[in-house]
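Visitor: Below you'll find the structure I mean.
The values are calculated or read from the model by the stated rules, or taken from the named source; none is laboratory data. Here the structure is a predicted model, which means the values were calculated and not measured. Note that we place each Cβ from the backbone using ideal geometry, even for glycine, and neighbour counts take in every protein chain shown. Each accessible area value is taken on the protein alone, full model and side chains, heavy atoms only, with ligands, DNA and RNA left out. Shrake-Rupley method; radii C 1.70, N 1.55, O 1.52, S 1.80 Å.
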Amino acid sequence: MAQNLPPLTWFRSFEAAARHLSFTAAADEIGLTQSAVSQQIKALETRLNVILFKRLPRALTLTDEGRRLLPQVEAALQVLRQATERYELAQAPQVLTVAASVSVIDWLIIPHLSDFMQQEKDRSVRFLSTIWPDDFATPRADVEIRFGSERQVGQGAVPLAGAALIAVASPTLLAGAMADDGAVQSVGQPEGVDLSREAERSWTTLPRIETVGTSGGWREYYAQAADAGQGTPVPGNQRGDQQTPALLADSYGLALRLAVAGQGCALVPKSLAQDALQKGHIVQCGRQELAVSEGYFLAHSDHDPAAGRFASWLQGLIEAPAVR
């Protein structure tokens with residue numbers, strides 16, 4: 001009878017730890033805890049009756065036995081990879097990788113994603129959530145929606161329409177808004193909610209929601225209104241000249257979520273707000289739009305035709321939003 005072999009996972013842990021010279025890095029690669037990797041390697045050492053690693057206070061090195069075993073384990077794992085690769089390739093669907101912020105994925109892509117998937121039935125779509133411009137330094141996706149200034153987003157990226165910021169709030173919160181210079185422009189107004197009648201509170205008195213880390217906000221919004229002679233009033237919750245918002249959010253998506261929940265009035269890009277406007281979850285407050293130096297930019301790979309089709313589909317959503 002053939003002798004039982006140690007479990008394959010023990011050899012995988014050993015090979016990864018030997019390559020990284022770190023149990024922690026090996027655990028991250030394999031998807032186990034650092035403790036599990038350490039225990040598996042200890043079990044392999046016990047089974048083989050050898051010491052494979054020198055465990056130093058701040059380092060990990062291979063012993064002579066470990067160095068002798070490593071190339072044999074690497075070769076065996078490579079044989080297994082090659083043996084199974086052709087089966088995996090035959091069964092795996094083609095994957096289109098899309099990198100974007102959670103805000104874009106949540107508010108712009110997901111509401112209409114089923115339409116694209118119907119067009120690309122032989123494709124799977126993988127999303128990578130990214131936020132900062134540094135995440136795009138090395139392309140790692142077929143389609144990338146980058147946020148920043150034109151200088152930050154790099155070459156080959158084209159601006160998406162709808163970058164201007166608009167003020168939005170929940171229609172329930174605005175049910176008694178005044179119909180004056182701060183008139184409410186509602187798309188998809190909920191049945192039974194009269195947004196044109198006068199009431200005690202207008203949208204100018206609502207709490208303000210500010211997105212931090214961006215170049216445009218309520219201060220710029222008021223300044224633009226003053227320059228244009230619109231005279232948009234400073235809300236009652238602002239504190240003197242500081243114009244301190246009631247709520248701070250670290251992304252436009254979160255600010256929009258707060259507005260939908262009736263927590264106040266938020267400045268968000270038109271492109272992100274359009275689906276919620278269409279569905280009546282929010283309404284636009286006033287007619288003013290704030291031009292900003294930052295926005296969303298679209299880049300896609302030329303190697304996969306599906307990437308170009310996704311990019312065209314996304315641009316079409318913004319330029320000609322679906323009517324529901």
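Visitor: Report every pair of residues separated by at least 6 positions or lying on different chains whose Cβ atoms are under 6 Å apart, first residue within the stretch 55-68 and modelled with pLDDT of 90 or more, second open to solvent by 90 Å² or more (accessible area, probe 1.4 Å) and among the aliphatic types (A, V, I, L, M).
Guide: Hits for this filter: THR63/ILE51.
Visitor: Got at least one residue in the stretch 261-269 being in contact with a Ser or Thr (Cβ under 8 Å, 6 or more places away or on another chain), outside any strand (DSSP E or B), at pLDDT below 90 and open to solvent by 50 Å² or more (accessible area, probe 1.4 Å)?
Guide: no
Visitor: For the stretch 1-36, give me the residue count where each residue is under 41 Å from the mean Cα position of the chain (by Cα), open to solvent by 50 Å² or more (accessible area, probe 1.4 Å) and among the hydrophobic types (A, V, I, L, M, F, W, C).
Guide: Residues that pass the stated criteria total 4.
Visitor: Those residues that are among the hydroxyl-bearing types (Ser, Thr, Tyr) and assigned to a helix (DSSP H, G or I), I need them from the stretch 13-36; list them, please. Can you show your working first?
Guide: Quick first cut of the stretch 13-36, residues among the hydroxyl-bearing types (Ser, Thr, Tyr) only: 13, 22, 24, 33, 35.
SER13, THR24, SER35, listed by residue number.
Visitor: Can you name the residue in the stretch 190-214 that is under 23 Å from ALA163 (Cα atoms) and either among the aliphatic types (A, V, I, L, M) or open to solvent by 50 Å² or more (accessible area, probe 1.4 Å) (or both) and is also modelled with the highest pLDDT among such residues?
Guide: ILE209
Visitor: Next question, about the same structure. Considering only residues that are part of a loop (DSSP other than H, G, I, E, B) and buried (at least 21 other Cβ atoms within 10 Å of the Cβ), which ones fall in the stretch 275-324? Steps first, answer last, please.
Guide: Within the stretch 275-324, the subset part of a loop (DSSP other than H, G, I, E, B) is 279-282, 286-289, 291-294, 301-304, 320-324.
Matches in the stretch 275-324: ILE282, GLY286.
Visitor: Another one. Scan the stretch 37-58 for residues that are buried (at least 19 other Cβ atoms within 10 Å of the Cβ) and not in a strand (DSSP E or B) and jot them down. Don't jump to the end; show me each part of the working.
Guide: First pass over the stretch 37-58, keeping only residues buried (at least 19 other Cβ atoms within 10 Å of the Cβ): 37-38, 40-41, 44, 52-53.
Answer for the stretch 37-58, where residues must be buried (at least 19 other Cβ atoms within 10 Å of the Cβ) and not in a strand (DSSP E or B): VAL37, SER38, GLN40, ILE41, LEU44, LEU52.
Visitor: Output the residues belonging to the stretch 225-243 that are open to solvent by 60 Å² or more (accessible area, probe 1.4 Å) and at pLDDT 55 or above.
Guide: Correct list: ALA226, ASP227, ALA228, GLY229, GLN230.
Visitor: Is there any pair with a first residue in the stretch 1-24 that is farther than 16 Å from ALA36 by Cα and a second that is at pLDDT below 95 and in a loop (DSSP other than H, G, I, E, B) whose Cβ atoms are under 6 Å apart and which are 6 or more apart or on different chains, and what are they?
Guide: Qualifying pairs under 6 Å: none.
Visitor: Which residues, counting only those in the stretch 109-125, are among the hydrophobic types (A, V, I, L, M, F, W, C) and more than 11 Å from the chain's Cα centre (by Cα)? Don't jump to the end; show me each part of the working.
Guide: To start, the set of residues in the stretch 109-125 that are among the hydrophobic types (A, V, I, L, M, F, W, C) comprises 109-110, 113, 116-117, 125.
Passing the criteria: ILE110, LEU113, PHE116, MET117, VAL125.
Visitor: Please specify each residue of the stretch 119-167 satisfying the condition of being assigned to a loop (DSSP other than H, G, I, E, B), open to solvent by less than 20 Å² (accessible area, probe 1.4 Å), under 30 Å from GLY286 (Cβ atoms) and modelled with pLDDT of 80 or more.
Guide: Residue satisfying the conditions is LEU160 alone.
Visitor: If a residue has to be buried (at least 21 other Cβ atoms within 10 Å of the Cβ), over 20 Å from PRO269 (Cβ atoms) and among the hydroxyl-bearing types (Ser, Thr, Tyr) to count, how many in the stretch 168-177 make the cut?
Guide: So the answer is 0.
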